[in-house]
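Working notes, structure below.
Every read-out reported here was derived from the displayed coordinates using simple, explicitly stated rules and does not represent laboratory data. Just so it is clear, the model here is predicted, and its values are computed rather than measured. In this analysis, Cβ positions are derived from the backbone assuming ideal geometry, glycine residues included, and neighbour counts consider all displayed protein chains.
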Amino acid sequence: MPVNGYLYTAYGKPHNIEAIKSATSLRAVDKAAHITLVTDQDDLDNVFDVVVKKQCLGGFAGKVQLLSNEYYANTFYVDTDTFFCTDCSHLFDLLNHYDLCLTIDPAEPELFAYPGLASYNTGVMLFRQNSYTDKLFQLFKRYYFDKEFYAKVLKNHPAERGHTDQPAFMLAIRDSNIISHILPNIYNARYRFN
């Protein structure tokens, strides 16, 4: 397995179709990219170098469940709705200095009941394989699947749309002693492509 690689997690056919489109855009700007998809689906396009079939929960829960640092020494995680406009492989170099690189969520810079803690966007992030990211993902899963935790977090935020991954990830970063770097939002800009 290469040292650097791109990782997608996808549950259900619609997200797999998105992942194929995203990975195709990645291949267009970086022909040497090594791409792994973790999914519950069969019969996928050959745009992926590796497809790992795992049963998972749907929605954010599936992402939290499948997100892992086990596939590459340096992982560039990408949500399925990401479109690559240019080669971003130079960002792997940041992992020589940081355990985790990601952007602030532009829609909600301070989220929920944690004043001063940034809401990170987990749709595009890089992380390296080490004990700190092991701990990060263990805490992320523990916090995300703790129903009492989410009941407290969401109690005062009735406008919140469903059970998102943001509060659990924010606290997992805080509690994991991870060395993180905030990427400029240009690496996870939001546009509508219809």
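What FRET efficiency comes out for the pair F149/K31, r = Cβ-Cβ distance, R0 = 41 Å, nearest 0.05?
0.45
What does the net charge come to around F76 if you take all other residues with beta carbon closer than 13 Å to its beta carbon, with K and R at +1 and D and E at -1?
-3
Using modelled amide H (1.01 Å from N, peptide plane; none on Pro or chain starts), what sits under 5 Å from the amide H of V52, excluding residues fewer than 5 places away?
L37, V38, T39
Evaluate E = 1/(1 + (r/R0)^6) for H181 and D42, where r is the Cβ-Cβ distance and R0 equals 25 Å; express this FRET efficiency to the nearest 0.05.
0.10
How large is ³J(HN,Hα) for each residue in the range 119-131, as worked out from phi by the Karplus curve 6.51 cos²θ - 1.76 cosθ + 1.60 (θ = phi - 60°), to whole Hz, x for Gly and Pro?
3J(HN,Hα) across the range 119-131, in whole Hz: 8, 8, 8, 8, x, 9, 7, 10, 8, 9, 7, 6, 5.
What does the charge add up to near K63, with Lys and Arg as +1, Asp and Glu as -1, over the other residues with Cβ less than 14 Å from its Cβ?
Taking every other residue near K63 into account, the sum is -3.
Can you list the aspartates and glutamates whose alpha carbon sits under 12 Å from that of K31, skipping same-chain ones fewer than 8 residues off?
Partners found: D49, D87.
Take the Cα of F83, step 7 Å along the line toward its Cβ, and report every residue of the range 9-43 whose backbone nitrogen sits under 11 Å from that point.
Those under the cut-off are 22, 25.
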